[in-house]
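Peer 1: Got a structure for you, written out below as C-alpha cells; questions coming shortly.
The values are calculated or read from the model by the stated rules, or taken from the named source; none is laboratory data. Everything numeric here is computed off the predicted structure, so don't read it as measured data. Cβ placement follows ideal geometry from the backbone for every residue including glycine, while neighbour counts extend to all protein chains displayed. The accessibility values were calculated without ligands, DNA or RNA, using every heavy atom of the protein model including side chains. Shrake-Rupley method; radii C 1.70, N 1.55, O 1.52, S 1.80 Å.
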Amino acid sequence: MAQAKIHHAKMTEAAKSKFSRSMSMADRSGQLLESLDQLEIRVEALREAATSMEQERECLLDLIKSIKNSEEMRSICDGEREELSLTANRLLGRTLTVEISVETIRNSTQEDALHKATSLIDEIASKLLDDMDGARKRLMALHAACVTEAPPVPIDTKFQTIVITCALEDQKKIKRRLETLIRNVDNAEKNIKIMDHQKVDDVNSANGK
C-alpha cells in the first residue's frame, strides 16, 4: 500500500514536471515568434528605405542632367557655363558612386513577364533618335498601361497584360522607368526647338534682320 502511494506520488510529480516543461517550451516558442515578427517589420522597413533611396538616386541623376541641358545653362556666358558644368559633372560623378540594389523575389512566370516588358521598353528606347514623336506616343501608351486612373491616351493592352503578371515591385520600377524616358524625350524635344530657334535668330542676324 505504501509502495503504491509512493509510485502514485512519483507519477504525479513526473506529470507536473512534464507539463511545466511543455509550458516553458510554448513560452519560448511564443517569444521567438514575437521576435521574428518584429524583425520582419524592420526588414520591410529596410527594403522600403532602400527603395526610397534608389528612387532618390534616380531623381538626382535626372535633375542634374536636366540642369546641364537646360535653356538657362545655354543663356549664360561661356566662363560661367563651364564652371557650372564642372560642378554638375562633379555632382553627377558623386551620385553615381552610390550603388543601391533591392532584389525582388520572383517566380518563373514573373521573371518571364519582366523580361518581356524590359525588352519592349528597350526596343523603343533604342529608336528614340530615329522617331522621337512616334517613340513618345508608344511610351505614353505603355505608361497608360501602368496607371490605375483613366489615362488621356490609348492603352497598350498587350503591355498591360504583361505588366500585371510582373511582381509588384517590378511594376513600380517599370512605371518609373517609363516616366523617366518620357521626361527625357520632352527635354530633348525642348532642346531641339531651342536650337532651331537659335539657328533662325543667327540667320536673321546674318541677313541684317
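Peer 1: For the range 87-94, does any single residue satisfy the condition of being in contact with a helix residue (DSSP H, G or I) (Cβ under 9 Å, 6 or more places away or on another chain), open to solvent by 60 Å² or more (accessible area, probe 1.4 Å), of a type outside the set (Phe, Trp, Tyr) and not in a helix (DSSP H, G or I)?
Peer 2: Let us first name the residues in the range 87-94 that are in contact with a helix residue (DSSP H, G or I) (Cβ under 9 Å, 6 or more places away or on another chain), namely 88-89, 91-92.
Then drop every residue that is not open to solvent by 60 Å² or more (accessible area, probe 1.4 Å), which leaves 89, 91.
In the following step, the residues that additionally are of a type outside the set (Phe, Trp, Tyr) were identified as 89, 91.
Cutting the leftovers down to not in a helix (DSSP H, G or I) gives us none.
Looking through the range 87-94, none of the residues is in contact with a helix residue (DSSP H, G or I) (Cβ under 9 Å, 6 or more places away or on another chain), open to solvent by 60 Å² or more (accessible area, probe 1.4 Å), of a type outside the set (Phe, Trp, Tyr) and not in a helix (DSSP H, G or I).
Peer 1: Looking only at residues that are touching a Leu at 6+ places or on another chain (Cβ under 9 Å) and touching a residue at least 24 places away in the same chain (Cβ under 8 Å) in the range 69-97, which one is farthest from Leu178 (Cα to Cα)?
Peer 2: First, the residues of the range 69-97 that are touching a Leu at 6+ places or on another chain (Cβ under 9 Å): 73, 76, 91-92, 95-96.
Add one more test, that the residue is touching a residue at least 24 places away in the same chain (Cβ under 8 Å), and what stays is 91-92, 95-96.
Numbers: Leu91: 24, Leu92: 21, Thr95: 21, Leu96: 21 Å.
Checking each candidate, the answer is Leu91.
Peer 1: Looking at the range 172-209 only, could you name the residues that are modelled with pLDDT of 85 or more and open to solvent by less than 50 Å² (accessible area, probe 1.4 Å)?
Peer 2: Across the range 172-209, the qualifying residues are Ile174, Arg176, Leu178, Thr180, Leu181, Ile182.
Peer 1: Residue check: is Asp37 open to solvent by less than 70 Å² (accessible area, probe 1.4 Å), acidic (Asp, Glu) and in a helix (DSSP H, G or I)? It would help to see each step written out before you state the result.
Peer 2: Values: open to solvent by less than 70 Å² (accessible area, probe 1.4 Å): no; acidic (Asp, Glu): yes; in a helix (DSSP H, G or I): yes.
No; evaluated as a whole, the condition is false for this residue.
Peer 1: What pairs come up if the first residue lies in the range 132-155 and is in contact (Cβ under 8 Å) with a residue 12 or more places away in the chain and among the basic types (Lys, Arg), the second is assigned to a loop (DSSP other than H, G, I, E, B) and surrounded by fewer than 18 Cβ atoms within 10 Å (Cβ to Cβ), and their beta carbons are under 7 Å apart, counting only those six or more places apart or on different chains?
Peer 2: none
Peer 1: Sort out which residues of the range 112-131 are out of contact with any Ser or Thr (no Cβ under 6 Å at 6 or more places or on another chain), surrounded by 14 or more Cβ atoms within 10 Å (Cβ to Cβ) and in a helix (DSSP H, G or I), and write them in order of number. Working first, answer last.
Peer 2: The first filter runs over the range 112-131 and keeps only residues out of contact with any Ser or Thr (no Cβ under 6 Å at 6 or more places or on another chain), leaving 112, 114-131.
Retained after the next criterion (residues that are surrounded by 14 or more Cβ atoms within 10 Å (Cβ to Cβ)): 112, 114, 116-118, 120-121, 124-125, 128.
Passing the criteria: Asp112, Leu114, Lys116, Ala117, Thr118, Leu120, Ile121, Ile124, Ala125.
Peer 1: Let me ask you something else. State all residues of the range 60-73 that are open to solvent by less than 60 Å² (accessible area, probe 1.4 Å) and of a type in the set (A, V, I, L, M, F, W, C); if no residue qualifies, say none.
Peer 2: Passing the criteria: Leu61, Ile64, Met73.
Peer 1: Test Ala135 against the criterion of being of a type in the set (A, V, I, L, M, F, W, C), under 18 Å from Asp186 (Cβ atoms), in contact with a Pro (Cβ under 6 Å, 6 or more places away or on another chain) and open to solvent by less than 30 Å² (accessible area, probe 1.4 Å), and give yes or no.
Peer 2: Working: of a type in the set (A, V, I, L, M, F, W, C): yes; under 18 Å from Asp186 (Cβ atoms): yes; in contact with a Pro (Cβ under 6 Å, 6 or more places away or on another chain): no; open to solvent by less than 30 Å² (accessible area, probe 1.4 Å): yes.
No: the conditions fail for Ala135.
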